There are 2 protein chains.
Amino acid sequence: MPGRSVSRQTLSRLPTYLHFLRSLEGEGRRYVSATAVAEALGLNDVVVRKDLASVSSSGRPKVGYVRTELIGELEHFLGYDNTQEAILVGAGKLGKALLSYDVFPQYGLDILAGFDTDPQVYGTEVGGKKILPMEKLSNLCRRMRVRIGIITVPGEHAQEVCDTLIEGGILAVWNFANVHLSVPEGVLVQNENMAVSLAILSNHLKERFSTK
Amino acid sequence: MPGRSVSRQTLSRLPTYLHFLRSLEGEGRRYVSATAVAEALGLNDVVVRKDLASVSSSGRPKVGYVRTELIGELEHFLGYDNTQEAILVGAGKLGKALLSYDVFPQYGLDILAGFDTDPQVYGTEVGGKKILPMEKLSNLCRRMRVRIGIITVPGEHAQEVCDTLIEGGILAVWNFANVHLSVPEGVLVQNENMAVSLAILSNHLKERFSTK
């Protein structure tokens, strides 16, 4: 059984492999090799071979992997077959979009409820999920053993919300606010910082036009 | 004048510095040092000093930067003061959320219009932006010299959409679809892959519980 710890780089490529392997459904290919995956995705052969070997030991030389088995192994490794429950704080535009984003269950994420500080939205539903007052957060997290907290509040409130989540027993924070969050050791913050993406895009365009 | 090319790591921290510097508004601090920024954000001193030096040469030993000047330099470097126009393809749930996300203009992004293949949504408006048929994409991009394309279509259509964008003169693709995109040299793809983030969160929880 291969080790469970892989690098972030490897981890970030695994969903792409999975998507590609699933897309071969219907082509009737029983086996697929690391080389074939690498070619199809325009990636380095050696990198793909290493990545796949870190999640599966079922590959055979010159034959490759049984496609459906490898799919299962990737799904398991990525936790898609083991649904994690999450709560979301901040039912603004982005929060509402995430609450009603129905693709998450495919990736093993189930958002149980949203929280907000605005009494006007208490009790309303977004995407079938109730919006609750912040006072209920800790209790619900502890009772349901929720481990993932999603932060979609404005930057200036994000750290305070993060602290409340951690008090409630949250161990992994998905942060959509454009700020750095301080957390105790053992808690992971995954930043989904759109401002950073925009800076990268804008910088690319500047460089393109300054070298012309 | 400091060089324009910085690493992705540096680039990814700059919006956080900017946010922090803006948050000091009202505290009446004229100067701010790299050390103070590092402390407040829980980052390494040396890293912050290097990052700031790569966007500004106005820092003075023992005094630091004039806060408002450094804000201006960061905004300029990040392109927030120079609005880039973009178009979005795929007016599904995520696409609609992005079209009506009113925070983008602060980051220098102006989405001009959305495109879709569903005739039922042609001519409707989301967040004040028209949804247009795909046939109009190339022409609009070329006429308006749009350089940024946002992809929010299902994975299986993403490459095709990407090719159409590039035909229209797009140079930077912001990809929300969970697939690898092949692009010609000189075109940047910035992946906003939520599946990857979820895999990272899920993996962290697995590791936390397997070591207990």
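The values are calculated or read from the model by the stated rules, or taken from the named source; none is laboratory data. Here the structure is a predicted model, which is why all the values come from computation and not from measurement. Here the Cβ positions follow ideal geometry from the backbone for every residue, glycine too, while neighbour counts run over all protein chains shown.
Does segment A:11-34 hold any residues that are in contact (Cβ under 8 Å) with a residue 24 or more places away in the chain and either surrounded by fewer than 17 Cβ atoms within 10 Å (Cβ to Cβ) or touching a Cys at 6+ places or on another chain (Cβ under 6 Å) (or both), and which are they? Hits for segment A:11-34 are A:Arg22, A:Leu24, A:Arg29, A:Arg30, A:Tyr31. When segment A:1-39 is filtered for residues that are among the basic types (Lys, Arg) and away from chain B (no Cβ under 12 Å), the ones remaining, listed by number, are A:Arg29, A:Arg30. Looking at B:Gly42, B:Gly108, can you tell me which residue is free of Cβ contacts under 8 Å to residues at least 60 places away in the same chain, closer than 26 Å to A:Thr152 by Cβ, facing another protein chain (nearest Cβ under 10 Å) and buried (at least 19 other Cβ atoms within 10 Å of the Cβ)? Exactly one of B:Gly42, B:Gly108 is free of Cβ contacts under 8 Å to residues at least 60 places away in the same chain, closer than 26 Å to A:Thr152 by Cβ, facing another protein chain (nearest Cβ under 10 Å) and buried (at least 19 other Cβ atoms within 10 Å of the Cβ), namely B:Gly108.
Apart from one condition, A:Ser56 fits all of (1) more than 23 Å from B:Ser197 (Cβ to Cβ); (2) touching a helix residue (DSSP H, G or I) at 6+ places or on another chain (Cβ under 8 Å); (3) of a type in the set (Ser, Thr, Tyr); (4) not assigned by TED's automatic domain parsing to the domain that holds A:Gly169; the exception is (1). When segment B:182-212 is limited to residues that are among the basic types (Lys, Arg) and part of a helix (DSSP H, G or I), the one that is surrounded by the fewest Cβ atoms within 10 Å (Cβ to Cβ) turns out to be B:Arg208. Could you tell me whether B:Val179 is of a type outside the set (D, E, K, R), out of contact with any helix residue (DSSP H, G or I) (no Cβ under 7 Å at 6 or more places or on another chain) and not in a helix (DSSP H, G or I)? Taking the combined requirement at face value, the residue does not satisfy it.
Of everything listed in (1) at the interface with another protein chain (Cβ under 10 Å from one of its Cβ atoms); (2) crowded, with 18+ Cβ neighbours inside 10 Å; (3) among the aromatic types (Phe, Trp, Tyr), the single unmet condition for A:Tyr65 is (1).
To keep it simple, each residue is scored yes or no on (1) crowded, with 20+ Cβ neighbours inside 10 Å; (2) closer than 16 Å to B:Leu165 by Cβ; (3) touching a strand residue (DSSP E or B) at 6+ places or on another chain (Cβ under 8 Å); (4) more than 14 Å from every other protein chain (Cβ to nearest Cβ).
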{"site": "B:Leu94", "(1), (2), (3), (4)": "yes, no, no, no"}
{"site": "B:Tyr101", "(1), (2), (3), (4)": "no, no, no, no"}
{"site": "B:Phe115", "(1), (2), (3), (4)": "yes, yes, yes, yes"}
{"site": "B:Gln120", "(1), (2), (3), (4)": "no, no, no, yes"}
{"site": "B:Gly123", "(1), (2), (3), (4)": "no, no, yes, yes"}
{"site": "B:Glu135", "(1), (2), (3), (4)": "no, yes, no, yes"}
{"site": "B:Leu140", "(1), (2), (3), (4)": "no, yes, yes, yes"}
{"site": "B:Arg143", "(1), (2), (3), (4)": "no, yes, no, yes"}
{"site": "B:Ile148", "(1), (2), (3), (4)": "yes, yes, yes, no"}
